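Presented below is the structure to which this report refers.
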Amino acid sequence: MAFDIIIRGGTIVDGAGMPGYQADVGIRDGIIAEIGDLSGQAADEIIDAEGHVVAPGFIDGHTHTDAQVFWDDIGSNSCWQGVTSVVMGNCGFSMGPCAEKDKDLALHNFERAEDIPREAMIAGIPWSWETYPEYLDVLDTLPKGLNYAGFVGHSALRTHAMGERAMEEEATEDDLEKMKVQLVDSLRAGALGFSTSRTFSHRTPTGKPVASRLASWDEVLELAKTMKSMGNGIFQIARENVITDPEERDKEHEQMKHLAVDVGVPCTFGGTWYKRPNPEAWRTQFRMVDEAVAAGGKMMIQATSAWNGSLRSFETATPYDFIPVWKEFRQLPLAEQEKGLRDPEMRAKLVEAVKNHVHKPDPALPNLYQRPVDWDWVFPYDRTLPPYPSVADAAKQRGCEPIDAFIDLALEHNLKLFFIQPSFNEDQDYVLAHIRHPNSVVTFSDAGAHVATTCSPLIAHLLGHWVRNEGAIPLETAIRKITLDIANFWGLKGRGWLHEGWHADVCIFDPETIAPGPATLHHDLPAGCPRIKQKTDGIKATIVNGEVFMRDNEHTGALAGRVLRGPMAHN
Ligand SMILES: [Zn+2]
């Protein structure tokens, strides 16, 4: 019987970690029908994959595409990264349960913590649901190129049960009961689990904590137990990034272990990252995970493959947007700013203001202004894979001050150059330790969030930098950590493995050239809001549910993505 697609002559890297081997892949009716020698067999389409790797479509376990799924049917930037399935509803933020009349409260949770512009959400989301099951049903009807799975968010549950009080106080017995009812309904409808946040950086636009941060640990525990009583749901948490007080830290680690081992809920989180002010803190995080796993608990670290932080430019934000002189100057149209920076008198004023500036963190300002600028750790993003020389390096080379190097570099690119400003994972040795940990997957692009301030091409970075350029990780291991390991832990059935009978989500890429493409700014969100676009070099095609979705970074028109409902949906 003929196939819909035959992928011919590629190297199969199956996602389960098996050594790569040469074979053809035959796809029929959305399913991988046959893997082997298919020469002489017919198909509607033959894809020549010689010299390419044929892998399962990549899975991103940590995104915030909850809002963008309504206005971006191809699911950028994930669609250009070989990703075929994304998980949303992370960190306690989901669009359901929430009635339209209360959507302001839900959007509050998203707006500041995830930097998704409010105007875009108002203009771009036609709200027509209240409960999480209703929300999933709406998702079903949306045209979409990717597969979407989701958590129900604790902040959403809380806000639905408590209204404005969710942002101010602990829950009563009554509130908790209401949350449990919605949680159970959400899991039955197909939520993969529930998510929460206790991290300081998750604030509302007024600088207050998001709803889940007002919850006692007992409240979290009660909800986790409710989920456990239903079966297999997983728990995702944005934990405190680094707790420096050893007593507090140990207490938090005991809570996490209790949840994973005694309650028996699989736990996953990022944020175990390296941070310069606390260079050893990550080791205690690893120890906690190792202890929990040794005791029979399930824990999965969400590693990234690179720095984690912001991309900044004169088109979006510079580190000095709120200091005197800059504040007014930055209001000018970009062309005027360029003129000003080329005018010696204006430039001298701006440089002087930077020299006189003393940094003070201000929780009312967005996350990216919370830390002082260290030019040794700011990198022009004119190349997309390491090594990245810093602005301080450039200043030395040019024989000028870093602020002048920063301005000159920006001017050389007509103010369109981005600069990397990492907040975590500056040390690449640690990033590697992270990727190599037996209980880690590589995920956490945060796609859909922070759309104008960051971009996280972590898959191309993993495959281009760590696998090819550094030879630090076998290709098969890297692929496993972005496919089957995630599918297994998250409960995505039939995905993440290139295997006969499994769903035909496939990525075909050139291992010799895969790398992140250039990052550019576009004002094409609803209401004209800005976002950074970034494609990937070296990906020949991605296939979603048996249809070619992207070819050489171009959308084919196929929108075969589905809502992936979790294992409890069928109980
Ligand atoms: Zn998140």
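Quick notes on this structure:
- Subset of segment 136-168 [in a helix (DSSP H, G or I) and either farther than 28 Å from S216 by Cα or under 21 Å from the mean Cα position of the chain (by Cα) (or both)]: L136, D137, V138, L139, D140, T141, H154, S155, A156
- Output for segment 398-415, where each listed residue is in contact with a helix residue (DSSP H, G or I) (Cβ under 8 Å, 6 or more places away or on another chain) and of a type outside the set (A, V, I, L, M): R398, C400, E401, P402, D404, F406, D408, N414
- Candidates E336, E328, filtered to the one that is modelled with pLDDT of 95 or more and over 22 Å from E412 (Cβ atoms): E328
- Within segment 177-186, at least one residue is closer than 19 Å to V86 by Cβ and assigned to a helix (DSSP H, G or I).
- Test: residue in segment 281-303 that is part of a loop (DSSP other than H, G, I, E, B) and within 16 Å of the ligand (Cβ to nearest atom): no
- Tally, over segment 193-242, of residues that are at pLDDT below 90, hydrophobic (A, V, I, L, M, F, W, C) and within 14 Å of the ligand (Cβ to nearest atom): 2
- Residue in segment 130-146 that is touching a strand residue (DSSP E or B) at 6+ places or on another chain (Cβ under 7 Å) and acidic (D, E) present: yes
- Restricting V467, V451 to residues that are more than 16 Å from the ligand (Cβ to nearest atom), touching a residue at least 12 places away in the same chain (Cβ under 8 Å) and not in a strand (DSSP E or B) narrows the list to V467.
- Pick from segment 506-560, criterion over 19 Å from G51 (Cα atoms) and among the basic types (K, R), ranking: surrounded by the most Cβ atoms within 10 Å (Cβ to Cβ): R531
- The residues in segment 412-448 that are within 16 Å of the ligand (Cβ to nearest atom) and either surrounded by fewer than 21 Cβ atoms within 10 Å (Cβ to Cβ) or charged (D, E, K, R) (or both) can be counted, and the count is 2.
- Lone qualifier among P277, P266 - being within 19 Å of F194 (Cβ to Cβ) and away from the ligand (no atom under 16 Å from the Cβ): P266
- Boolean, A478 is within 23 Å of I7 (Cα to Cα), free of Cβ contacts under 8 Å to residues at least 60 places away in the same chain and either within 16 Å of the ligand (Cβ to nearest atom) or assigned to a helix (DSSP H, G or I) (or both): yes
- Among residues of segment 80-120, those that are buried (at least 24 other Cβ atoms within 10 Å of the Cβ), within 11 Å of the ligand (Cβ to nearest atom) and not polar (S, T, N, Q), counted: 8
The values are calculated or read from the model by the stated rules, or taken from the named source; none is laboratory data. This structure is a prediction, so every number in the text was calculated from the model and none was measured. Note that we place each Cβ from the backbone using ideal geometry, even for glycine, and neighbour counts take in every protein chain shown.
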